[in-house]
Each structure stands twice: as C-alpha cells, then as structure tokens.
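One structure is given here, and the rest of the page talks about it.
None of the figures in this text is laboratory data; all of them are computed from the coordinates on show. Keep in mind the model is a prediction, meaning the values are calculated, not measured. As a convention, Cβ positions derive from the backbone with ideal geometry for all residues, glycine included, and neighbour counts pool all protein chains shown.
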Ligand code: F6R
C-alpha cells in the first residue's frame, strides 16, 4: 500500500526522500512523487511506475529544498498515472496520503461548489483543497490542517506541507500507520521504521486520531480536539536489519533461504529444546479454561491460522472458529465469554485483521496477536504479542513469515494441549523434539532447488494449475495456489483432495497440471485414490511427497518431488518450502516482477 515520507531537514531532501521511498517499495506501489519547498515555493516531481522513473525525472529536473514530502502510491481512486500520483497541490498546500477518504464524493461536490477545481481522480485531492479552503478564509496553516482533518471519514495517514514555510510538516493518522522520527536538528515522518532507518532509530508511532506538528526542533502531538497527547518515544528495531538481497536475485529467494534460521529462532522463543517442554507464556487467558478459540487473518496469514486450527483441535481438543478477517469483522459471530481470539499478521497493520481485533475487543475477550512487526498496531492493541522472529519480510509474497507463523501456532497448540491435559509430558517431549528438527529438514528441502526449478520450467507453460491436499495439506494447497497466482499470474486453485469429485474434476485434462501435496500419513491412501482419478482423466500430476509416499504410490506422475520423511507435526512447515519454491521459479521463468507483483501491496492498510 502507499508509503509516506516527510523530512524537515538540513541537507537537500529530494534524494533522501527517494532513498526512504525505496525502503517502502516492498509495500507495493504503481507511481511515486516528491515535493519540496525551496525559496518559499512548492515544487514537485511525479512519475508513473517504479521509482527509477521518478529518479530519472529528478535527474533531468532536480528539486531543491531542505523540507519535503514523498509518496509511493498504490492506486485506489483513479488509474496509476502521473496526474493521480501524489503529492497533490492546492493553492500553496502539498499533501500525501495513504488510505481511503470514504466521504470524498460528498466533500468533492462541496469543494466544487466552492469553486475548487480538481486536477486528479483521487480521493486525496479533497484534503489538499479542504486545507486550502481554510487558508483562503484567513486561518493559519496548523489550524487550517486541523480543521480540514475534522471533515475526513475513512482511513488515512497524511503529511501536509505549505508554500512559504520551510519548517513545518503536519502528519495525521487514522488507520494506516505513521511514525515520527527524531534527528539532530531535523525531524522525519514515515509509514514505518524501515523507511526511517537510515535517518534515526528514535521513533514515536502515532495512534489513531492523532495529528502532529513537526518542525526542525520541535514536535507536538494532539488529539482531534486539539489537546496535546503523550506518545511513547521508543528505539526502533528497524535499523537492526540490513534490508538488502545479499547474493540473491530477489528478496523472495533470500527469504525462502532464510527459513531454517528464522524458524529455529522462532521455535526457540516458544520451546525449550533442552528441557523438552513448551515455554510458559504470560497469556491473558488460561488455555485450560477456554471453551473456544477464534482465529482470524487475511491471505497467507489466514492459511497459517487454518493449519493452526487442525493443531489446536487435534492436539489440545480446543475448538477453533476461523474466518478470513474481511468476513469475520462483519458477520456478527456470537462470541463466547469463555473464549479468546488470536490474530495472525506479518505486517500487524492489515485493516481487516485490525477491525476483527477491535470487534473482539468490544466483546471483551482476551486477545493475542501473532505478528512479525512487533511495533505494529495489531501488536499494540492486543493483550499479548506472540512474535514471529522472521525479520523484515520485503518480498510481497509471504514466505518466511508463514513458516514462522506455523512455528508459533504449533508451539501454542502444544502449550494448549499441556494446559488442557491432552498432551502428556512424554508426548510434549516428543513433539518438542520433532519441532526442533524442522530447521534441519528445511535446509535439506532447499537443496532440492534444481529439481523444483526444472518442474517450474514446465509449469510456466500452463495457464491453469490445481493444487490438492488433505488435512493440513489442504490449507497448504491453497497457499501453493495463492503463491503461484500472485507472483506468476498463472490461475491456480487449491482444493481439499476429497472435494475433487464435487466439481473441480470437470476441469481435468492434459492442459491442467495437478500438484498434489501428500506426505505418507494416515490418509495417504485416500489421496492416492484422488490421484488415480486425475490420472484416469489425463491430468498431469506433480506429486510432492516423502520417500515412503514415493515408494508406495503407483500413480504415474509428470514429476515426483521427494522430501525427507518428517514427523507429522512439522510436515506443514517443511512442505511449505517446495510450494514456495515452485511459485518462485515459475515466476522467474515467466519474467514477472517477483518481489513486487502487479496490483499487490505488502501491507494492506485499507479495506
Ligand atoms: C500472500 C500474502 C498476503 C498476506 C495478507 C495478510 O503471499 O502475503 O496474502 O498474507 O495480505 O498480510 P499480513 O500478514 O501482513 O496481515
């Protein structure tokens, strides 16, 4: 989603802003722009497409100024072109915005009636005109911005700058994140700590309803009534990480390869390998007393939660209600007072997940958040943060965050089973030992890259792919299909293998590769029967299994990818890797933008 940067600085800011915007590229965008004030005048450069286009623009027509705001835009209202790119100007006001102004149509009509002309199709431009309208009435800039904010409904993070003032940026937050960064005689605004990392690690996150007045040597934070509010200044973790690709072609490839290490860090946080026990957690609920657990999330994070459901129900006999967050938030699910809720999110900023959390907050049940960004809104609004220790995930397609989410969920399910008396000490020791082996097996699977690349070369020739799996491999089949469609743009669907006969079998012919995830488990034979049904109709099968599965399956396959025999509890973590690698290599063969696939955003801060 859109990224925002603002600098009230000492040096020329345009190159610094572009640099910070590059660190926000991972969020997804389709145009970009920067504006500065130099010699009292506002200037701006904008460009459709990637930041290189903006850089080219700035090279041809440099922009002076020690104060500026910049933006990467992920189009919501209006096509991604230069005219719709931010910053938007109105009579000496410059503005960048992340989010959606829901009442923009009404405001636009009012402003038009007041004589304001619109240059773009965006919802954002209304904010620039609203501020300008106050200025025209003789209101001074800070007050004008405050009055304009009061008209806005919807989700927004904003940065506003004024002609004639090279020492003032106003920021505001209602929904999408916005952070203030403190420098020496300079101040910053950014959508996240990663953007601000080269400048400062001293950060304050604005809360919903906050707005801020930033000058080189002072910062004020206020609520919507204009009262000053105190917000914690904290040291950001953002600078602790080098955000580069290392020797890899893409962030996604790097992140796939980081998995043995980050899974190990995450598991070690929750499990005491030496003692063979799951660590005691300071939870706001007692697993033994829960009658249900609600889990909600979006996309890949939702699919990790779905695998978690199998674990909680099987290992801890704890019923789980799970739903994608965009449905959860509106379907008015009755919430038992003896339940708790878990929200899963890499970014910790996903709008629907946050809204679902707030729904549960109203129901007054304890809330846990499995998040990768510990300073995120979802983390801050939950009663307990259960971190994934994946490090920054830059590739838009989630990989290492997913397997770390699974690591947390498996560990929690064990903890729940121990608390509820469904897991004996011996079983706990066994499960903890088995999970401790996950990083080693993940390392072995990464070495299958040449074979998986070969399969991907084939897959790249097809237009449609079906993924099948049973039990925890069913959510994994959906994850495989999601990964494939989002980065290679091949149409893919993930189905429970048992559902094949109820519809999708009609699609099977020689043009439809079917990827079957089937480790040799309790229901392996059932999945083999489904493969027979596919083979009988000319479908081309790519089987992902283990040594035992490969030796026992009699079905002819286009390719069989043989993974090590792994314990059942870690199978979803280990089998996630070939699924990710298949999507990755296929996208590379298709020549797509692997790390920033079209139309997608890393951090989905609007509905
Ligand atoms: C897919 C993917 C998305 C995210 C989803 C939720 O590869 O990355 O489906 O999983 O947008 O995002 P978070 O986890 O940040 O809440």
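Axis of helix 14-23 versus longest Cα principal axis of the chain: the two differ by about 20°, to the nearest ten degrees. Rg/Rh for the range 208-297 (Cα atoms only, Rh after Kirkwood) is 1.13. Which whole-angstrom value gives the distance between the alpha carbon centres of the range 169-217 and the range 8-41? For the range 169-217 versus the range 8-41, the Cα centre distance is 14 Å. Each listed q (0.13, 0.15, 0.16 Å⁻¹) maps to a log10 I(q)/I(0) for the range 351-424, found by the Debye formula over equal Cα scatterers with no solvent: -0.46, -0.61, -0.68. Multiplying the residue separation of residue 548 and residue 249 by 0.36 nm and removing their Cα-Cα distance gives an extension gain of 104.2 nm. Beta-bridge orientation, the chain: approximately 60 percent antiparallel, per DSSP, counting only bridges with both partners inside. Listing 524, 287 from fewest to most neighbouring C-beta atoms within 10 Å gives 524, 287. If one computes the Cα centroid of the range 453-479 and of the range 343-369, what distance in Å separates the two points? So the separation of the two Cα centres works out to 31 Å.
Its Cα gyration tensor gives the range 436-568 an equivalent ellipsoid. The semi-axes, each the square root of 5 times an eigenvalue, are 21, 18, 14 Å from largest down. The angle between the Cα long axis of helix 449-459 and the longest principal axis of the Cα atoms of the chain comes to about 80 degrees, rounded to the nearest 10. Starting from the Kirkwood radius over alpha-carbon pairs of the chain, derive D by Stokes-Einstein at 20 °C in a medium of 1.002 mPa s and give it in µm² s⁻¹. Rounded, D is 85 µm²/s. The slack in the chain from residue 143 to residue 184, taken as 0.36 nm per residue of separation less the alpha-carbon distance, amounts to 12.1 nm. Estimated from helices alone, the mean residue ellipticity of the chain at 222 nm is -11000 deg cm²/dmol (sum of -39500 (n - 2.57) over DSSP H runs with n ≥ 4, per residue). Taking only alpha carbon atoms, the range 473-549 gives an Rg to Rh ratio of 0.95, where Rh is the Kirkwood radius. Using the Cβ-Cβ distance between residue 502 and residue 202 with R0 set to 51 Å, the FRET efficiency works out to roughly 0.35.
For the range 530-549 versus the range 396-410, the spacing of their alpha-carbon centroids is 27 Å. With Cα atoms as the point set, the radius of gyration and Dmax of the range 102-148 evaluate to 10.3, 28 Å. Calculated on C-alpha atoms, the gyration radius of the range 281-380 divided by its Kirkwood radius gives an Rg/Rh of 0.93.
When each of the peptides 18-26, 329-337, 316-324 is scored by the mean number of other C-beta atoms lying within 10 Å of its residues, the order from highest to lowest reads 18-26, 316-324, 329-337.
For a Förster distance of 45 Å, can you work out the FRET efficiency between the beta-carbons of residue 510 and residue 53, rounded to the nearest 0.05? Plugging the Cβ-Cβ distance into 1/(1 + (r/R0)^6) gives 0.60. Of all the C-alpha pairs in the range 88-194, what % are more than 22 Å from each other? Counting pairs separated by more than 22 Å, the tail of P(r) holds 28 percent.
The tail of the calculated P(r) for the range 11-63 beyond 19 Å holds 21 percent of all Cα-Cα pairs.
Relative to the longest principal axis of the Cα atoms of the chain, the long axis of helix 104-113 makes an angle of roughly 20 degrees.
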